[in-house]
């Protein structure tokens, strides 16, 4: 049985959590393959808003198993708070949540290193969420990291102390104050809660599940333009957010990948620093931010807003092998007289339709096509035939330009406000 993959095609915050939640009833296993608590997957149903950071978005469904893969980095303190939030909603995670022994742990000292490094960059900071993600992945690639499976070993505390000693030596090079002892108390308490979740050899588990005919959906975090290799480096995350990351982050063979669902907004947003060719600095950008409630689910930071960018979308579709598209937040644009789409860039005096190596500053100028907007509330619409012609024309235009079908159009934050289009 092939494994389907769901991921974001922009700079994150595309609405992956909602779509995973919508699709979960069709799958037996939801498996998160990379990232950590820097992610914020928002789901809304029954009048309640839920934000998940590490736990897969299928946790609210009664039958789905949820696997945190080896490519994920886990902060036990944040993870414990997530569990407590679910318990307050009477969500029973026992037997429904499994963690790979090969997933790496975020230590308190990783968070201190993250904050010290970002502070030292001054005006050149990259916009880190300060969750310790980068330093944890650095220890992973440097072969120094602590993993979930190490918790089960008799010398776990000695391994922890050895790694922390290394971190403290690095911190001595920064002008940075910290209180590690108070952070460690909460961390070790959270480790005890973590032990109550079942640890698994996830690659073996998932291969066996595929052989049994179980349907698996691999859930990504962040977005393709934040990929460590293919994103707008250095303003990126520390993991591979593209389809290939599902292979390395879960132990899925490349020839076992089935459909690749690519999520994008009807416009474009970005949190933190980094290039953004179609960013709007005027009242329209502010209006999109307000209408879309564009504030980070993890950090609370305001998201920068702009028009949808076709060269960037085509790039993301190609590197991921996207088979089906899902467009989010169409309802947000209802109040605008017209909307724009970036169709090409003017780059070094040449008109191009692809994402070049450097898209910073004045090196690149977006070229736009303007469309009439749908001046109609979409939130109660239930089918494509109910949608205004301006919106269906917009969908058809994007499908033609992107050469990929748009199978879902989201018209509101709730799981019920989701329109299927030949899906």
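The values are calculated or read from the model by the stated rules, or taken from the named source; none is laboratory data. No experiment lies behind these values; they were computed from the predicted model shown. Here the Cβ is made from the backbone with ideal geometry for all residues, glycine too, and neighbour counts use every protein chain on show.
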Of all residues in region 177-199 being in a loop (DSSP other than H, G, I, E, B) and surrounded by 15 or more Cβ atoms within 10 Å (Cβ to Cβ), the one that is nearest to the chain's Cα centre (by Cα) = 197
Filter region 272-310 for residues that are surrounded by fewer than 18 Cβ atoms within 10 Å (Cβ to Cβ) and closer than 21 Å to residue 351 by Cα and give the result.
-> 275, 279
Collect the residues in region 200-222 that are in contact with a helix residue (DSSP H, G or I) (Cβ under 8 Å, 6 or more places away or on another chain), buried (at least 21 other Cβ atoms within 10 Å of the Cβ) and part of a loop (DSSP other than H, G, I, E, B), keeping them in residue-number order.
-> 220, 221
For residues that are more than 29 Å from residue 294 (Cα to Cα), surrounded by fewer than 24 Cβ atoms within 10 Å (Cβ to Cβ) and touching a strand residue (DSSP E or B) at 6+ places or on another chain (Cβ under 6 Å), tally how many sit in region 231-256.
-> 1
Could you tell me which numbered condition residue 87 fails, if it satisfies all but one of (1) over 27 Å from residue 231 (Cα atoms); (2) in contact (Cβ under 8 Å) with a residue 40 or more places away in the chain; (3) in a helix (DSSP H, G or I)?
-> (2)
Scanning region 414-423 residue by residue, those in a strand (DSSP E or B) and surrounded by fewer than 20 Cβ atoms within 10 Å (Cβ to Cβ) turn out to be 414, 420
All strands (runs of 3 or more DSSP E) inside region 286-392 with 2 or more residues being in contact with a strand residue (DSSP E or B) (Cβ under 7 Å, 6 or more places away or on another chain) and more than 28 Å from residue 258 (Cβ to Cβ) = 304-306, 338-347, 350-352, 364-372
In region 399-413, what residues are more than 17 Å from residue 19 (Cβ to Cβ) and surrounded by 14 or more Cβ atoms within 10 Å (Cβ to Cβ)?
-> 399, 401, 402
Quick one: in region 393-411, of everything that is under 17 Å from residue 334 (Cα atoms) and part of a helix (DSSP H, G or I), which residue is nearest to the chain's Cα centre (by Cα)?
-> 395
For region 51-65, state whether one or more residues are without any contact (Cβ under 8 Å) to a residue 60 or more places away in the chain, farther than 30 Å from residue 317 by Cα and either assigned to a strand (DSSP E or B) or over 18 Å from the mean Cα position of the chain (by Cα) (or both).
-> yes
Residue list for region 311-336, filter: under 19 Å from residue 367 (Cα atoms) and surrounded by fewer than 24 Cβ atoms within 10 Å (Cβ to Cβ) = 311, 314, 315
Taking residue 368 as the residue in question, decide whether it is under 29 Å from residue 274 (Cα atoms), surrounded by fewer than 18 Cβ atoms within 10 Å (Cβ to Cβ) and free of Cβ contacts under 8 Å to residues at least 60 places away in the same chain.
-> no
Where a residue in region 250-263 is in contact (Cβ under 8 Å) with a residue 12 or more places away in the chain and on the phi > 0 side of the Ramachandran plot and its partner, wherever it lies, is part of a strand (DSSP E or B) and crowded, with 19+ Cβ neighbours inside 10 Å, with Cβ under 9 Å and at least six apart | 251/100
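Do we have residue 98 as in a strand (DSSP E or B) and either more than 26 Å from residue 215 (Cα to Cα) or more than 19 Å from the chain's Cα centre (by Cα) (or both) here?
yes
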If we scan region 147-169, do we find a residue that is free of Cβ contacts under 8 Å to residues at least 12 places away in the same chain and touching a helix residue (DSSP H, G or I) at 6+ places or on another chain (Cβ under 6 Å)?
-> yes
Residue by residue through region 392-414, note down the ones that are in contact with a helix residue (DSSP H, G or I) (Cβ under 9 Å, 6 or more places away or on another chain) and more than 17 Å from residue 375 (Cα to Cα).
-> 398, 401, 402, 403, 404, 405, 406, 408, 413, 414
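Residue-by-condition table, conditions (1) crowded, with 23+ Cβ neighbours inside 10 Å; (2) within 30 Å of residue 146 (Cβ to Cβ); (3) at pLDDT 90 or above:
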residue	(1), (2), (3)
1	no, no, no
31	yes, yes, yes
34	yes, yes, yes
47	no, no, no
68	yes, yes, yes
81	no, yes, yes
89	no, no, no
98	no, yes, yes
101	no, yes, yes
What number goes with the only condition from (1) at pLDDT below 95; (2) not in a loop (DSSP other than H, G, I, E, B) that residue 173 does not pass?
-> (2)
Working carefully through the options 61, 110, find the one that is at negative phi and buried (at least 19 other Cβ atoms within 10 Å of the Cβ).
-> 110
